[in-house]
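Have a look at the structure below, then the notes.
The values are calculated or read from the model by the stated rules, or taken from the named source; none is laboratory data. Please read these numbers as outputs of a predicted model, since none were measured by experiment. Note: ideal-geometry Cβ built from the backbone for every residue, glycine included; neighbour counts use all protein chains shown. Accessible surface is based on the protein model in full, side chains and every heavy atom, while ligands, DNA and RNA are left aside. Shrake-Rupley method; radii C 1.70, N 1.55, O 1.52, S 1.80 Å.
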Amino acid sequence: MRIHGKLLVAVLSLGGLIIVYLLLGYPTAHLHADTPAPLRGESRDRRDPRHQGDPRDRRDSGERRDPRDQRDPGDQRDPRDQRDPRDQRDPGDQRDPREQRDPRDQRDPGEQKDPREQRDPRDRRAPRPKRKKSDAKGSPARVRVPEQKQKVSVPVEWMHLAVVACGDRVEETVTMLKSAVLFSVKKLRFHIFAEDELKPEFERKLREWPRQLSRKFEYKIYPITFSVGNAQEWKKLFKPCAAQRLFLPMILQDVDSLLYVDTDVLFLRPLDDIWAFLKKFNETQLAAMAPEHEVPKIGWYSRFARHPFYGTTGVNSGVMLMNLTRIRKQQFKNNMIPAGLTWEEMLHPLYQKYKNYITWGDQDLLNIIFSFNPENLYVFPCQWNYRPDHCMYGSNCKSAEVDGVSILHGNRGVYHDDKQPAFRAFYEVLRDYPFDGNLYQEMYYPLQSKFLASVHTLCGRIPQVFLKQIEKTMKRVYERRVIVYAGSRGRG
């Protein structure tokens, strides 16, 4: 009887457990069968995609599950409901794929993302900002072009150099122009006044210069013209065509400033350096020249002149820096009429008055003009117009003894005779120097060796005066070439 009672209790207990089991449903973790039947009160199976409702509808509180629960591998699903195994969301929390949210919003683990927004979970970079859609459908996307800075064009500053050549002075003139181009920094514009028959020869010689050198200069050849008076009379004044320099302010109307030099001048340093004297002019000065001599007792004007001259020794016009704009505007004092006269108005009457008393032609006329207008003249040191007179009687140019010769003026024909071999040495070396040659090997060393043959003269005994400045100039030119070469290598 006791055994039957115990058996009955066991059967009833088992039956109760089965009833409870059926009422509560199969535990998900232990099922190995197909999807179970729906519970009571649940009209649709939420796991079947065909019976999905609006994902925004609120779910039954009894259906809440931990999204971290893992299904048993044997829990088979509808093939259409397969997801990436890395996705740990509750499959029952599927949302409408058309519903998009801001990618910056933090989603619930059970919320499925739009497939277009899927990223590798290993990618932890911040999401890229969305591009703005164009207002007009089909309009082309705007391309942002970086702004380019406008290049400011700096005007080229030209230095103007004038020379007058007549007769057999072509080679001498071209050598002078060569020395100017070799050492100068800024660009040069040559104004060459020559007889008509010399024009083709000038053009031929200048065309023979290297092409890369042609970027440093421009030139124009003018005929010999005199705007006032008798042209033949002016042409024969002193040397052939020398009086042409007096008419430069009227001929070169579009030129503001100008450096005039004789054909027998050589530059031993950049022309830029003498051009800088223009900035030293005060408000009344309009021209610059060097003294004719340093010692009045042995100067020509102080001993022999029969006409007015500037200062105590006069000035030499072989190197003359001019502000042509000021010259054209100036009213010059004179001893002919009480009123002032312009430059052009004054030239011919002044010549007519003193033509029987002048020896050095146009230079004498300039001395007369500036003797009445000394405030208009700037006087630069003798090193800028160094002539045989500064050494043939003994060294008397102090500025050259300190800084060396800056501009060599071989007047008296010393480039073409044996009277002053020191001057001739410079002329021959510069004339024969190749443009692509080595400055030290083909210019400086030949100069030194030629000076050894001139020690028997007073000028040849002071090589430091002649060579000091050109040695500095060669060093400056060499440094500029190194910088340009290094810059081109850097850009390459």
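Within region 169-182, residues that are in contact (Cβ under 8 Å) with a residue 24 or more places away in the chain reach partners that are acidic (Asp, Glu) with beta carbons closer than 7 Å, at six or more positions or on different chains, in the pairs Val170/Glu201; Glu172/Asp264. Taken over region 349-383, the criterion of being in contact with a strand residue (DSSP E or B) (Cβ under 8 Å, 6 or more places away or on another chain) and in a loop (DSSP other than H, G, I, E, B) is satisfied by Asn373, Phe380, Pro381. Starting from residues that are closer than 25 Å to Tyr260 by Cβ and in a helix (DSSP H, G or I), keep the ones in region 403-421 and report whichever is most open to solvent (accessible area, probe 1.4 Å). Residue satisfying both the conditions and the ranking: Arg412.
Taken as a whole, the structure places Ala400 among residues that are open to solvent by less than 20 Å² (accessible area, probe 1.4 Å), under 20 Å from Glu292 (Cα atoms) and within 41 Å of the chain's Cα centre (by Cα). Set side by side, the residues Lys333, Lys329, Lys297 differ, and just one is touching a residue at least 24 places away in the same chain (Cβ under 8 Å) and either within 29 Å of Lys353 (Cβ to Cβ) or open to solvent by 60 Å² or more (accessible area, probe 1.4 Å) (or both), which is Lys333. Only one of the numbered conditions (1) of a type outside the set (A, V, I, L, M); (2) surrounded by fewer than 21 Cβ atoms within 10 Å (Cβ to Cβ); (3) within 30 Å of Ala276 (Cα to Cα) is violated by Phe309, and that is (2). Residue check: Pro388 meets all listed conditions (1) open to solvent by less than 10 Å² (accessible area, probe 1.4 Å); (2) within 21 Å of Pro308 (Cα to Cα) but one, namely (2). Being surrounded by fewer than 20 Cβ atoms within 10 Å (Cβ to Cβ) and of a type outside the set (S, T, N, Q) is the requirement here; does Arg189 meet it? Yes, satisfied.
In region 192-222, the residue that is farthest from Met250 (Cα to Cα) out of those that are open to solvent by 10 Å² or more (accessible area, probe 1.4 Å) and aromatic (Phe, Trp, Tyr) is Trp209. Restricting Arg189, Arg215 to those that are in a helix (DSSP H, G or I) and either over 24 Å from Glu344 (Cα atoms) or touching a residue at least 12 places away in the same chain (Cβ under 8 Å) (or both) reduces the list to Arg215.
Does Arg269 fit the bill of being basic (Lys, Arg) and closer than 28 Å to Thr359 by Cβ? No: the conditions fail for Arg269.
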